[in-house]
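Structure first, then comments.
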Amino acid sequence: MAAHPDKTLKGKFEYYTKLLIASHMKKFLDENFLLQNDTARQLYHEYARDMPIIDYHCHLPPKDIAENKQFQNLTQIWLYGDHYKWRAMRTNGIDESYCTGDKPDREKFEKWAETVPFTMRNPLYHWTHLELQRYFGINDILSPKTAGAIYEQCSHLLQTEDYAVKALLQKMKVEVVCTTDDPTDTLAYHQKIKDSGFSIAVLPAFRPDKAMMVENPVTFNAYVDQVEKAADKSIDNLDDFLDALKKRHDFFAAMGCKLSDHGLEVIYAEDYTETEVKVIFNKLRAGRKLELQEELKFKSAMLFEFAVWDWEKGWTQQYHLGALRNNNTRMMRTLGPDTGWDSIGDFPQARSLAKFLNRLDTENRLAKTILYNLNPADNDLMATMTGNFNDGSVAGKIQFGSGWWFLDQKDGMIKQINALSNMGLLSRFIGMITDSRSFLSYPRHEYFRRILCNLLGEDVENGELPADMDWLGQMVQNICYYNAKNYFGF
C-alpha cells in the first residue's frame, strides 16, 4: 500500500486503519475458503480433502464417457446444457441466442463472463471460480477483462489428452458414477465403458418417470411402444406393461444397477384396486384422457410396483420431491424441458409419503430409501419422516438426502445438515451428490466438505462438541465417502 498523501493526524489514522483491516482480510477462495476456525481447517485438510468421490446420482451422459469425449472449448463443457448458467444470463438481460441459441461459442462465453460479476452471492460465483482453480489452475477472477485469456487457456487445455472426460473424472478422484437412465435405454455405452477397463465404475440408475406420465395419452402410448420394443414383448394390457418394465428392471440389475430414481412433485399413495388400474390402463391405450383421480390411482400403483422390485433386488430407491417444472409454457414449447424454467414447489408432502412408506414397511418390502427435498420449508418434515421407518436392519436405512438443485448451495446445505443433525444422525449421512450434467461439477463435493467441516469446527470451538479429532475426523470421512460405500455396497 502506497504512503498516504494526507499527512494530518486524521489522514494517518485513516490510512493505518485501512492497512490494519487489509491485513486481517481473508483472500478470496484461498486454501481455507469457508473454513472459519482452526478445527474446521484441520478437519478439512487432514480428513476430508483427499477422500474419493462416490457420485451416486448425476446426469452425466454415459456416451461422452464411453467415447472419452474431447471438448473443443470452454463454452462446450461449461455452458452447453447448463440451465443454472442460462437462468443467470437471462436474468442479467442476455438474449436467449447466447444461452441456447446459435451464437458462436466464444461470444456465448463472453456473455457468461459479462454475467459472472453480477452473480456475487449466488453459488454460481463460487462454483465458477472453484472450477477454474481445480481443473485449470486459474486463480484470476472471471470478468469481461479476463475472459479472453481464460477462454484461450482453458480451451487449449481441453484439447489435450489430459482433459478428455475420463481424465477429468480421475483428476477429481471419482470412484463411482451412477447416471440416470430411462428403462428403454440399451445401456450400450455403460457396457462399452465396462469393456474398456476404465478405472471408474459407471453404473446405470433406473428412472421410470415416463411410465407414470399419463396426463397425455398420446405421449404415454408412444412411450409404451418404446417399452414394448426395448423389452421385445407385446403389450396388450397392464400385466404385459408391468412384465415388460420388470424385464427392463432385471436387465438394469444385470448391468450393475443398484439404484432407482424418481423425480416427482409428491409421492403418490392413493387407494386403488388391481381391477381399477387395469381399466385405467385400457382407457389410456384407447387414447382417452383420464380423470384426475384415475391419474393418481395409476401413478400410485406403478410407484408401488417399482418399490417392490427395488426391495426384491436389494436396491436403493431415490425420490426427488418438490420441483414445480416447466412453468413457462411459451419457452417449454420452444426449448423443451430441462432448459431452466422450473422452480421450488409448495406441495403437501407428509401424509402421502408416510402412507407410501408405511405400506411397504407393513408388508416388509421397504427398500433402502433416500428422500431429497426441494422446499426448505419441508426440511424438518423430511428429516423426521426418515426416523419413522429406520428399523435397525441397516444403519441409516432411510436417508434424508443432500441439498439438491436449488438447495445445493451454502445456505441450503447448512439447513439440510442442521435439520438432519437435529432430527436424526448426521454421522450416518451418505453425503453429497453432483446431480449435474457437467464434467466440471465435482468441486461441489469440495464445497460440501468445507461447509460440513466448518459447521463441526464451529461446534467444537464453541464448546458444543468435544475436541476429539480422531472421532470427528472419522465421522467426516464416513460422511464424505465410507457411509456411501458401505450403504450401496459398490
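With one equal scatterer per alpha carbon and no solvent term, the Debye-computed log10 I(q)/I(0) for region 114-154 at 0.26 1/Å reads -0.91. Return the subset of 313/415; 171/258; 166/415 for which the Cα-Cα distance in this structure is over 28 Å, preserving the input order. Table pairs above 28 Å Cα-Cα are 313/415; 166/415.
In whole percents, the pair-distance distribution calculated for region 439-490 from its alpha-carbon pairs, binned every 5 Å from zero, is 5, 18, 22, 22, 17, 10, 4, 2, 0. Which is farthest toward the positive dipole end of the chain among 483, 57, 120, measuring Cα position about the Cα centre, with Cβ charges +1 (Lys, Arg) and -1 (Asp, Glu)? Value computed over the given set: 120. Calculated mean residue ellipticity at 222 nm for the chain: -15000 deg cm²/dmol, from DSSP H runs with n ≥ 4 weighted as -39500 (n - 2.57), summed, divided by the residue count and rounded to 500. Looking at the P(r) of region 155-196, how many percent of alpha-carbon pairs lie beyond 13 Å? Of all Cα-Cα pairs in region 155-196, 67 percent lie more than 13 Å apart. Among the GluC sites (Glu not before Pro) found in region 413-465, those both in a DSSP coil and sparsely packed, with 13 or fewer other Cβ atoms within 10 Å of their Cβ, are 464.
Going through the cross-link list 69/145; 63/246; 111/410; 299/355; 63/210, which pairs have a Cα-Cα distance over 19 Å in this structure? It would help to have the intermediate numbers written out before the result.
Working: 69/145 30 Å; 63/246 25 Å; 111/410 26 Å; 299/355 14 Å; 63/210 21 Å.
In this structure, 69/145; 63/246; 111/410; 63/210 lie more than 19 Å apart at Cα.
Could you give the length gained by full extension between residue 30 and residue 102, i.e. 0.36 nm per residue of separation minus their alpha carbon distance, to one decimal place?
Working: separation 72, 0.36 × 72 = 25.92 nm, distance 3.68 nm.
My answer for the length gained is 22.2 nm.
Charge dipole (Cα centre; +1 on Lys/Arg Cβ, -1 on Asp/Glu Cβ; no other charges) of region 285-378 amounts to roughly 300 debye. Treating the angle as unsigned and between 0 and 90°, give the value, to the nearest 10°, between the Cα long axis of helix 123-136 and the longest Cα principal axis of the chain. For helix 123-136, the angle is close to 80 degrees. Rounded, prolate or oblate: pick one for region 275-335, where a ≥ b ≥ c are the square roots of the eigenvalues of its C-alpha gyration tensor, a/c under 1.5 means rounded, and failing that, prolate if a/b is larger than b/c, else oblate. It comes out oblate by the Cα gyration axes. Counting only Cβ charges, +1 for Lys and Arg and -1 for Asp and Glu, the dipole size of region 290-443 around its Cα centre is about 160 debye.
Ordering 443, 9, 205 by Cα displacement along the dipole of the chain toward the positive end leaves 9 in first place; charges were set at the Cβ atoms of Lys, Arg (+1) and Asp, Glu (-1).
Treating only the Cβ atoms of Lys and Arg (+1) and Asp and Glu (-1) as charged, compute the dipole magnitude of the chain about its Cα centre; round to the nearest 20 debye. Mind showing how you got there, number by number?
On the way: 58 positive and 68 negative charges, 179 e Å.
Approximately 860 debye in magnitude.
Label positions at residue 8 and residue 195, each projected 7 Å from the Cα along the C-beta direction, are separated by 8.2 nm.
To the nearest ten degrees, helix 147-158 and the longest principal axis of the Cα atoms of the chain are 60 degrees apart. Residue 107 sits with roughly 70 Å² accessible to a 1.4 Å probe, with DNA, RNA and ligands left out of the calculation. The solvent-accessible area of residue 154, taken with every protein chain present and a 1.4 Å probe, is close to 0 Å².
When a/c reaches 1.5 or more, the comparison of a/b and b/c decides; with that in mind, is region 209-367 rounded, prolate or oblate per its Cα gyration tensor? Spell out each step's value before the answer.
Working: a/c = 1.30, a/b = 1.10, b/c = 1.18.
It is rounded, given that a/c, with a ≥ b ≥ c, falls under 1.5.
Using every pair of separate Cα atoms, the Kirkwood estimate puts the hydrodynamic radius of region 305-397 at 15.0 angstrom.
All distinct Cα pairs of region 219-313 go into the 1/r average, and the inverse of that average, the Kirkwood radius, is 14.2 Å.
Here is the list for region 227-336: trypsin sites (Lys or Arg not before Pro) lying in DSSP coil, each with at most 12 other C-beta atoms within 10 angstrom of its C-beta, are 288. Between region 24-49 and region 234-287, the C-alpha centres lie 48 angstrom from each other. Scattering from the chain was approximated by placing one identical point on each alpha carbon and applying the Debye formula without solvent; log10 I(q)/I(0) at 0.11, 0.14 1/Å stands at -1.01, -1.55.
Taking a 1.4 Å probe, which of 406, 198, 118, 304 shows the most accessible area, and what order do the others take after it? Present the calculation step by step, with values, prior to reporting the outcome.
On the way: 406 55, 198 30, 118 150, 304 10 Å².
The residues order as 118, 406, 198, 304, largest area first.
Between 0 and 90 degrees, the angle of helix 379-389 with respect to the longest Cα principal axis of the chain falls at about 50 degrees.
The values are calculated or read from the model by the stated rules, or taken from the named source; none is laboratory data. The structure displayed is predicted, hence computed values, not measured ones. Note that each Cβ is placed from the backbone with ideal geometry, even for glycine, and that neighbours are counted across all protein chains shown. Surface accessibility is based on the protein's heavy atoms, side chains included, excluding ligands, DNA and RNA. Shrake-Rupley method; radii C 1.70, N 1.55, O 1.52, S 1.80 Å.
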